[in-house]
């Protein structure tokens, strides 16, 4: 079922790919919309690409840098999910727009959390 190191590397790479995809989606002009949102979306994209690189860096020494996975779970993924939930609750977004983020978010939280706790067994070896 994979070694703890395999799970860590898989988590880092999966998270990096997800962040890169979101970063690209954020900077597509048709998705950004009104001019007043372009600056804030540019800031968000910069952070997403930065986190992508952080996760790729973490994958190079996954055991030593596994704590990055916890920071990715909270506040990054949970923050993105909370933002979507807020937009849905206020009627700004439809459920169809928010649901993909929620599903991917829950999946990433499960993967990253599982990998982190599985790797904790390496500390006692």
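Laid out as a table, the results:
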read-out: Residue order, fewest to most surrounding Cβ atoms within 10 angstrom, among 109, 103; value: 103, 109
read-out: Gyration tensor (alpha-carbon) shape descriptor, the range 1-53, a/c threshold 1.5; value: prolate
read-out: Relative contact order (percent, whole number), the range 1-94, Cα cutoff 8 Å, 6+ residue spacing; value: 32
read-out: Extension gain, residue 103 back to residue 13 (0.36 nm per residue minus Cα-Cα distance, nm); value: 30.6 nm
read-out: Helical contribution to [θ] at 222 nm, DSSP H n ≥ 4, -39,500 (n - 2.57), averaged over the chain, rounded to 500; value: -25500 deg cm²/dmol
read-out: Exposure proxy ranking, count of Cβ atoms within 10 Å, fewest first, for 66, 97; value: 97, 66
read-out: Whether the chain is rounded, prolate or oblate, judged on the alpha carbon gyration tensor where a/c under 1.5 counts as rounded; value: prolate
read-out: Ranked 11, 83, criterion: other C-beta atoms within 10 Å, fewest first; value: 83, 11
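All of the numbers you see were taken from the coordinates with simple rules; none came from a lab. Predicted, not measured: the structure shown is a model, and the values here were computed from it. In this analysis, Cβ positions are derived from the backbone assuming ideal geometry, glycine residues included, and neighbour counts consider all displayed protein chains.
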